[in-house]
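Notes follow once the structure below has been shown.
Derivation of every value follows stated rules applied to the coordinates shown; laboratory data play no part. None of these values were measured; they are calculated from a predicted model. Cβ sites come from the backbone with ideal geometry, for glycine too, and all protein chains shown count toward neighbours.
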Amino acid sequence: MRIGLYGMPTSGKTFILDHLDCIKVFHGSQMLREICPGFDALDHIGKTKVRRELATRLLSVNELIMDGHYAFGNQVVFTENDGKLYDAILYLYVSPIILADRMRISERNYKFLSYDLDSWQAFEIESLRAYCHNNDKDFYVLDNPPESAFDDISDVQAFINTLINGYSCKSMADRCVNTILAKCKSDSIILMDGDKTLTIEDSSNAVFGYTTHVFDGDFYTGYQSWRQFKEFGDYRVVAPATMPVTINDRVLSSINDDTFVLTSGHMNVWSYISAQLNVPFFGGCEMSADTKYFVTKGLQRSGKKVIAYGDSMNDYYMLVCADEGYLVARKDGSISRSLKQRDLERLKRV
């Protein structure tokens, strides 16, 4: 397992690496200057050459984590060799306000205050996520709402250890695809989100009053799914006597024999809902927006047409990847706040 840890200057990548003892750690900036002592004086082409050389050298190391930068302002420094090196890419998100405060007191990083830090960081996240989607790699945004930074990195350390031990949203997607292909009877498959798509309510909130800040950053990667799954461990659910949620009739009418639910809701709750509706579901700690995307992509690669239904950012990549994507609106016709900055032009409204 080779892991890349990306993030903005002053985001705290070095602090995290210095506290890891579960994997071989490399510091990218230090190694670039070991390969080329005059690295800082090189032009962009020269620096890119050294970065490629470093990534190529490390291909012989089977297990590592190394920090890196995707871009400096609008100049991308991420190379194809970097992408080939890593099995998974982590991105350390810190609020632009906090980044600016740190940069103001950093002689080395003060110069970056001339950039729009919010746009720069968003560009890096979306670009790295798109790279991983296109190249079948795992991508995780590490964030810590509502604190907006990491004073306690114990969750990050635990998550990295979980990755080393086999956690992978891409691998889960592959398992889902294999199961779906074994069960489906036609060339057209329907994928549905669970909460607020197939159901009107959030099922976990309806059953035991669960609320969380985990998804406040609207990233919906496997790190957020993993943290929510940890929170779910505090809730024990006995099978309810009656259906605990309201089923969305606008979506229910679309269900057929080749419909499958992909949900990040509580497994016990969805076991009951699934059984009542006789619709198979997939869920658990590795069910993220990226997992749903890779399930869609995997089914299409197998020659299936995919019709997808979802309501929020957790479904966005699945919806835009699907042959037909249906965005489920609320009762009042509004859509999820998490989608406010997204291109929804090709999605049909339900």
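Here is how the numbers come out for the structure above:
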quantity	calculated
Residue pairs meeting the criteria (Cβ under 7 Å; at least 6 apart or on separate chains; first without any contact (Cβ under 8 Å) to a residue 60 or more places away in the chain, in region 210-221; second not in a loop (DSSP other than H, G, I, E, B))	Tyr210/Ser204; Thr211/Asn205; Thr212/Gln228; Thr212/Glu231
Verdict on Ile125 being part of a helix (DSSP H, G or I) and closer than 13 Å to Leu92 by Cα	yes
Every pair of residues 6+ apart whose Cβ atoms lie under 6 Å, when the first sits in region 262-282 and is within 22 Å of Tyr220 (Cβ to Cβ) while the second is part of a helix (DSSP H, G or I) and hydroxyl-bearing (Ser, Thr, Tyr)	Ser264/Ser225; Gly265/Ser203; Gly265/Ser204; His266/Ser204; Val269/Ser203; Phe281/Ser274
Total residues in region 163-218, condition of a type in the set (Gly, Ala, Ser) and assigned to a helix (DSSP H, G or I)	7
Set Arg250, Arg330, Arg301: member being under 26 Å from Asp174 (Cβ atoms) and basic (Lys, Arg)	Arg301
